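Asker: Please see the structure below; I have some questions.
The values are calculated or read from the model by the stated rules, or taken from the named source; none is laboratory data. Owing to the predicted nature of the structure, the values given are computational and were not obtained by experimental measurement. Positions of Cβ are backbone-derived with ideal geometry, glycine not excepted, and every protein chain shown enters the neighbour counts.
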Amino acid sequence: MLKMKIIFTLLALALLAACSSTQTNVAKGVANPVGEGAPQWVLDPGSVAGLNAVGSAAKSPGGIQFQRNEAMAGGRDELARILSVKVKNSFKNFSEQTGVGDSQTFDKVTTSVSQQLAKQTLNGSKQKDLWLGQDGTMYILVSLDPKAVADITKQLAISSLNNERALFQKEEAKKAFNELEADIDKEFNQ
């Protein structure tokens, strides 16, 4: 049991060291995780004007259209999460010390579970740019142009207003016909 704890601890430390060294290299520009020649937007979609997200899809036997659809879907998912996301999170921490003197052991268990849900209508989302990595992975910059979003919102508001007026007029006509029918019944059924 003690051997398992030592092995587990060593593996966790090795993994932590590997992750931290990779982050340092990327931060210093030593290693590019997507390959040479990648445009800046692949790693930083905020570097391009507008509301943007990047979707990617590995090369697949489904062909380029399948790959494009998958990358676009990933970008739209990210845009939806940028605009609105509900997060459900649980974090649990358990520590225990047992034994006496030199035979003491300390156990610690930490569990973190997170669930995210996004629900958003993305009118006007479009492909702004595309880049193919050296390994065939397709990266697509998906964008919501602020002017297009404002124009679409304005059109939806006008359309909604017109629909409300039409519904109001329909209700008024129905009310008038009911009154007319009541007057006719009253007049002829005396």
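Asker: Looking only at the stretch 107-125, which residues are touching a Leu at 6+ places or on another chain (Cβ under 8 Å) and at pLDDT 80 or above?
Answerer: S125 - this is the single residue of the stretch 107-125 that is touching a Leu at 6+ places or on another chain (Cβ under 8 Å) and at pLDDT 80 or above.
Asker: For the stretch 60-104, which residues satisfy the criterion of being out of contact with any Lys or Arg (no Cβ under 8 Å at 6 or more places or on another chain), more than 26 Å from P45 (Cα to Cα) and hydrophobic (A, V, I, L, M, F, W, C)?
Answerer: The answer is F91, V100.
Asker: Can you tell me which residues in the stretch 85-105 are within 25 Å of the chain's Cα centre (by Cα) and in a strand (DSSP E or B)?
Answerer: Selection gives K86, V87, K88, N89, S90, F91.
Asker: Now, a different point. Which residues, taken from the stretch 72-92, are of a type in the set (A, V, I, L, M, F, W, C) and either exposed (fewer than 13 other Cβ atoms within 10 Å of the Cβ) or more than 21 Å from K119 (Cβ to Cβ) (or both)?
Answerer: Passing the criteria: V85, V87, F91.
Asker: May I pose another question? Examine the stretch 61-84 for a residue that is part of a strand (DSSP E or B), under 27 Å from Q127 (Cβ atoms) and either more than 13 Å from the chain's Cα centre (by Cα) or without any contact (Cβ under 8 Å) to a residue 60 or more places away in the chain (or both), and state whether such a residue exists.
Answerer: No: the stretch 61-84 contains no residue that is part of a strand (DSSP E or B), under 27 Å from Q127 (Cβ atoms) and either more than 13 Å from the chain's Cα centre (by Cα) or without any contact (Cβ under 8 Å) to a residue 60 or more places away in the chain (or both).
Asker: Against the condition more than 30 Å from A150 (Cβ to Cβ) and either modelled with pLDDT of 85 or more or in contact with a Leu (Cβ under 7 Å, 6 or more places away or on another chain) (or both), how does Q104 come out, does it pass?
Answerer: Against the criterion (more than 30 Å from A150 (Cβ to Cβ) and either modelled with pLDDT of 85 or more or in contact with a Leu (Cβ under 7 Å, 6 or more places away or on another chain) (or both)), Q104 qualifies.
Asker: Within the stretch 103-115, is even one residue small (G, A, S), within 30 Å of K59 (Cα to Cα) and surrounded by 10 or more Cβ atoms within 10 Å (Cβ to Cβ)?
Answerer: No, that holds for no residue.
Asker: Report yes if some residue within the stretch 33-40 is surrounded by 15 or more Cβ atoms within 10 Å (Cβ to Cβ), of a type outside the set (S, T, Y) and at pLDDT below 90; otherwise report no.
Answerer: yes
Asker: Take the residues in the stretch 131-150 that are in a helix (DSSP H, G or I) and at pLDDT 70 or above, then tell me which one is surrounded by the fewest Cβ atoms within 10 Å (Cβ to Cβ).
Answerer: Going through the qualifying residues, I end up with K147.
Asker: Being touching a strand residue (DSSP E or B) at 6+ places or on another chain (Cβ under 8 Å), over 30 Å from Q134 (Cα atoms) and not basic (K, R) narrows it down to one of V42, V100, V48, V87, so name that one.
Answerer: V87
Asker: Do you know which of the residues in the stretch 39-60 that are assigned to a helix (DSSP H, G or I) and over 11 Å from M138 (Cα atoms) is farthest from the chain's Cα centre (by Cα)?
Answerer: Q40
Asker: Output the number of residues of the stretch 116-125 satisfying the condition of being in contact with a strand residue (DSSP E or B) (Cβ under 7 Å, 6 or more places away or on another chain) and either surrounded by 14 or more Cβ atoms within 10 Å (Cβ to Cβ) or not assigned by TED's automatic domain parsing to the domain that holds V85 (or both).
Answerer: 3
Asker: Now for a different question. Restricting attention to the stretch 45-67, report how many residues are crowded, with 17+ Cβ neighbours inside 10 Å and more than 17 Å from P146 (Cβ to Cβ).
Answerer: 5
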